Amino acid sequence: MFSRQLRDNGRKLVYHALLVIEVEVHQQLRAFLRQQGQPYWSHNLTMGRLVARALRLGRSALIQTGVPPVGNHGRYRLSYLVSALVWQEAAILVVPEPVQQRLLMVELPQIHQWMQTPKPIHVGDRWPHPDFCGVLVTTPSAWLGDRLGTQDKFPTAVPVIIDGADDVEAWVHQQLTISLCPSDWNQLMLAFPDQVELIRDTQIQLTRAIYQHPPNPYDQYLLDAAEQVILQSLVQQLMPQTALPPAWQAISQRLNTADTLFWTAVQRDYGLFSIYSSVVEVASTLELIWTQQPVVLIGSAVDLDTNATLFRQRLGLPDMTCLKFAPDRHQDLIHLYLPDGIPLPNTPQYQTALIKEIRYLLYTSASTYSLTVLIVDDMPLKNQIGSLLAAEFGSRVQVEKTCLDDNGILVTGWDFWKHHQAVLPLPKVMAIATLPIPSLEHPLVAGRVAYYKRQRQDWFRLYLLPTALSELQRAIAPLRETQGVVALLDSRVIHRSYGQHILSALSPLARHSYLDETLFTQPEIS
């Protein structure tokens, strides 16, 4: 009886000792935020406790912050930094280089000085030494490159915090993509001097076949079965003789692998092409990696669902703690201008209607002295709109430039805005020409859609729509800080069944069917 009571008391002491990290993280964060005396993210304390709990239990977690991880917008970073520093054991922090620079120059010095913690922070692409018990800050390319390769630079079982979960799939595809450039053909001729004629004939044959593809905006095309046979035939004729150069060896291995994408990018002015290869899906590749250590994935908007079911399926993530922070209904509200009557984007009348709506928006919002962002992804149309607006508004208008006036007008595509919004002022007005639904003209999109079709799966609901929703939420997130106006000029939101998903992704919002000047002079909610 007495020994049982001792055991029970011992277990309670251990349990309470383990809980200390969550209590300490909460207290340290609260004291730091109060001492700073400036507005911070309202969910910092909750997220700090959750990250601390994940570290304590060794259970993976997925957190959707709703906040873009760039520039000053990544206000949630304090949560996981304090948790990693309070945690008594080692941890790995995986962040993209721009975020890493911000952490090292701003957040980490502030927190380190405040907490007076002796825990070391190391920056590098490998584990410092076997006895290291600090925080290692590294890049996605370094960590994923090791996990997908030799696995000798980072230990297993050490908790990993990944900031930027929205881009994990793209990072993996980038790591697993191999290429065959024009210079690789010259190296192949040097390696097989007695087969130069065969190599040149094959290169010419491929050039003719590739250049027969109809032009598209990307100048990239999937290699069809016949073109892959041409490449495979060359490799098979050369391999019995001697070892292939590294790039050709990698391509030859992919040619015999199922569910692999091959595509080409052409330089029409020079008559050149490069060949690329990557996997179609990453889930099967990542499944084993997630089991090697607890992982805390932090993203902006990876899934409409709190449990992120589709996202976890695409990344092969196991069952894990999932949390999604909803935007504040008052402070994070945007004004959504959604006009009816605009022609569909694939009609001849759309371009004229789009330009009219953009001019209407710019003149109505003239009293707003701030950055205006116009997202037009179609390249010829983007340049045309830039030229037309520059004739009216002068040097305020720039096409995909970061040097802008405070009240500048930026005409940009989705990719440029995503990668450069961190260095631009917060916009108060944004116009979106078309929804960011991936184009089937892009070879990687077409290849993945074909994969879903072979699996008899709903490729639109499982791939295209989730990608568009995530892209849309990240793009408009900075306007939540200014309670800005978003003009969505794609009538598919109104006339297509998936329109309700779009509106849900943009919530909280106040919907408007017309514009007037008072909308742009509303005081910001403090």
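A few comments on the model shown:
- Elements of type strands (runs of 3 or more DSSP E) in the stretch 153-270, at least 3 residues being out of contact with any Asp or Glu (no Cβ under 8 Å at 6 or more places or on another chain) and surrounded by 15 or more Cβ atoms within 10 Å (Cβ to Cβ): 160-163, 220-222, 260-267
- Unmet criterion (only one of (1) open to solvent by less than 60 Å² (accessible area, probe 1.4 Å); (2) of a type outside the set (Val, Ile, Thr); (3) not in a loop (DSSP other than H, G, I, E, B)) for GLN292: (3)
- Residue match in the stretch 256-270 (condition: more than 22 Å from the chain's Cα centre (by Cα), polar (S, T, N, Q), modelled with pLDDT under 95 and closer than 19 Å to THR207 by Cα): yes
- Unique residue being touching a residue at least 12 places away in the same chain (Cβ under 8 Å) and closer than 30 Å to HIS213 by Cβ when the list is PRO348, PRO443, PRO427, PRO339: PRO443
- Qualifying residues in the stretch 295-304 (those that are part of a loop (DSSP other than H, G, I, E, B) and aliphatic (A, V, I, L, M)) - the one farthest from TRP41 (Cα to Cα): LEU304
- Top-ranked residue of the stretch 359-382 - restricted to ones that are assigned to a helix (DSSP H, G or I) and more than 16 Å from TRP417 (Cβ to Cβ), ranked as most open to solvent (accessible area, probe 1.4 Å): TYR363
- Yes/no for SER284 being farther than 18 Å from GLN473 by Cβ and in contact with a Cys (Cβ under 6 Å, 6 or more places away or on another chain): no
For (1) in a helix (DSSP H, G or I); (2) closer than 30 Å to PRO155 by Cβ, each residue gets a yes or a no:
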site: THR285; (1), (2): yes, yes
site: THR306; (1), (2): no, no
site: LEU317; (1), (2): no, yes
site: LEU323; (1), (2): no, yes
site: ARG329; (1), (2): no, no
site: ASP332; (1), (2): no, no
site: HIS335; (1), (2): no, no
site: PRO339; (1), (2): no, no
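- Checking the stated criteria, LEU381 turns out to be within 14 Å of ALA433 (Cα to Cα) and at pLDDT 90 or above.
- Test: residue in the stretch 417-437 that is among the hydrophobic types (A, V, I, L, M, F, W, C), within 23 Å of ALA225 (Cα to Cα) and open to solvent by 30 Å² or more (accessible area, probe 1.4 Å): no
- Only residues that are touching a Leu at 6+ places or on another chain (Cβ under 6 Å), assigned to a helix (DSSP H, G or I), more than 18 Å from GLN313 (Cα to Cα) and of a type in the set (A, V, I, L, M, F, W, C) were counted in the stretch 429-475, giving 1.
- Test set (1) among the polar types (S, T, N, Q); (2) touching a residue at least 24 places away in the same chain (Cβ under 8 Å); (3) under 27 Å from GLY145 (Cα atoms) - GLN101 fails condition number: (2)
- Subset of the stretch 478-492 that is open to solvent by less than 10 Å² (accessible area, probe 1.4 Å) and part of a helix (DSSP H, G or I) - its residue that is farthest from LEU222 (Cα to Cα): LEU479
- Search result, residues across the stretch 341-350 that are open to solvent by 70 Å² or more (accessible area, probe 1.4 Å) and not in a loop (DSSP other than H, G, I, E, B): none
- Test set (1) in a helix (DSSP H, G or I); (2) surrounded by 14 or more Cβ atoms within 10 Å (Cβ to Cβ); (3) at pLDDT below 95 - LEU144 fails condition number: (3)
- Any hit, the stretch 75-93, residues being modelled with pLDDT of 90 or more, in contact with a Cys (Cβ under 6 Å, 6 or more places away or on another chain), part of a loop (DSSP other than H, G, I, E, B) and crowded, with 18+ Cβ neighbours inside 10 Å: yes
The values are calculated or read from the model by the stated rules, or taken from the named source; none is laboratory data. These numbers were taken from a predicted model, which means no experiment stands behind them. Using ideal geometry, Cβ is built from the backbone for each residue, glycine included, and neighbour counts are taken over all protein chains shown. Ligands, DNA and RNA are stripped out before the accessible areas are found, and what is left, the full protein with its side chains, is counted by its heavy atoms. Shrake-Rupley method; radii C 1.70, N 1.55, O 1.52, S 1.80 Å.
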